[in-house]
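Everything below concerns the one structure shown next.
The values are calculated or read from the model by the stated rules, or taken from the named source; none is laboratory data. Predicted, not measured: the structure shown is a model, and the values here were computed from it. Cβ placement follows ideal geometry from the backbone for every residue including glycine, while neighbour counts extend to all protein chains displayed.
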Amino acid sequence: MKAKLMAFAVCGVAALAVVTAQSAPSVLFIGNSFTFAAGSPVHFYRAETVVDLNNEGIGGVPALFKSFAQQAGLNYDVSLETHPGVGLDWHLANKSDLLRRRPWDVVVMHGYSTLDSEKPGDSAKLVATSKATADLLRAQNPKVQIYLMSTWSRADQTYPSAGRWAGQPIEAMARDVRAAYDQAAVAAAPIASVIPVGESWLRAIHTGVADPNPYDGIEAGKLNLWTYDNYHASAYGYYLEALVTFGSVTSRDPRSLGDTECSAFELGLSAAQTKALQQVAFDELTNAKVVLSSPAVARKPGGASRCASPR
């Protein structure tokens, strides 16, 4: 009798876990190295907390999003489908079966960093493939909320003479990329919003939080948002990307995570750096007219500590 009761209890717990997972809103990230966080410790960070549809053990920005959500008391079922050096056209051609795996509730996606790898600065491919991807996703769930992520200026495309944006200010590439994503949002309408990651990087630079040019050295007290290749992001850059994405999708004030936020601590950010990046994210989201709720700032007694075990 006891054995039967025990088996019943175990089945009940398992069933409850399945129901809980299914009831959590699903979030899918579609992207490339700018999503899986190449060149940084974020790449494989807390990979066990998210579902990598390609089974490559990646955590990346999706895992940071999941961590922020968990700390905010929000439950999301987070997945990612990523591949290096590609735009949305590659995902459509090679991974459409994975994109159709389930009717996603929320999707965050972006294209290639220069808009078109063969024609840098040309928005046509991004616009067409954003619409095609949105159509595919809506065929599974007509109510899916789709966010397009506008990416950052690449230092390696701005300061060296061979770069597409050579001779122009660091703001130029991010503004051109944002204009292209605005076009894509119109073509793929309705879009929940364009996530202003590139603009948040510029805000960090303009407010003195980050250095504008990694080629001439990093000024004392400022952050380098780029990693060693001056193309991808550093842990600071990906952390800012995740904060802006978190605020855009959840409408939560990133500052409410507090300067003792556990993922920042695990990645080696100081409390001052964490606070500064959260403020930049908040200011950019406010500028973008994202309505943010502001729950009490989370502070841990005794300071920052490791993140809780994944649920």
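Tabulated data for the structure shown
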quantity: Exclusive hit being buried (at least 18 other Cβ atoms within 10 Å of the Cβ), basic (K, R) and without any contact (Cβ under 8 Å) to a residue 40 or more places away in the chain, set K125, K95, K119, K143; calculated: K125
quantity: Residue that is at pLDDT below 95, surrounded by fewer than 12 Cβ atoms within 10 Å (Cβ to Cβ) and either more than 21 Å from P25 (Cβ to Cβ) or not aromatic (F, W, Y) (or both), where the choices are A298, A304, A308, A272; calculated: A308
quantity: Test: residue in the stretch 219-235 that is more than 19 Å from the chain's Cα centre (by Cα), within 20 Å of S33 (Cβ to Cβ), part of a helix (DSSP H, G or I) and not aliphatic (A, V, I, L, M); calculated: no
quantity: Failed item, numbered, when P169 is tested on (1) over 17 Å from A288 (Cβ atoms); (2) part of a loop (DSSP other than H, G, I, E, B); (3) touching a residue at least 24 places away in the same chain (Cβ under 8 Å); calculated: (3)
quantity: The listed residue being in a loop (DSSP other than H, G, I, E, B), at pLDDT 95 or above, crowded, with 21+ Cβ neighbours inside 10 Å and in contact with a helix residue (DSSP H, G or I) (Cβ under 8 Å, 6 or more places away or on another chain), out of T114, T133; calculated: T114
quantity: Test: V194 is buried (at least 19 other Cβ atoms within 10 Å of the Cβ) and in a helix (DSSP H, G or I); calculated: no
quantity: Residue in the stretch 10-33 that is buried (at least 21 other Cβ atoms within 10 Å of the Cβ), in contact with a Phe, Trp or Tyr (Cβ under 6 Å, 6 or more places away or on another chain) and modelled with pLDDT of 95 or more present; calculated: yes
quantity: Residues of the stretch 41-60 classified as in contact with a strand residue (DSSP E or B) (Cβ under 7 Å, 6 or more places away or on another chain), surrounded by 24 or more Cβ atoms within 10 Å (Cβ to Cβ) and either touching a residue at least 60 places away in the same chain (Cβ under 8 Å) or of a type in the set (S, T, N, Q) (or both), total; calculated: 1
quantity: Those residues of the stretch 201-216 which are in a loop (DSSP other than H, G, I, E, B) and closer than 16 Å to T158 by Cβ, in sequence order; calculated: D211, P212, N213
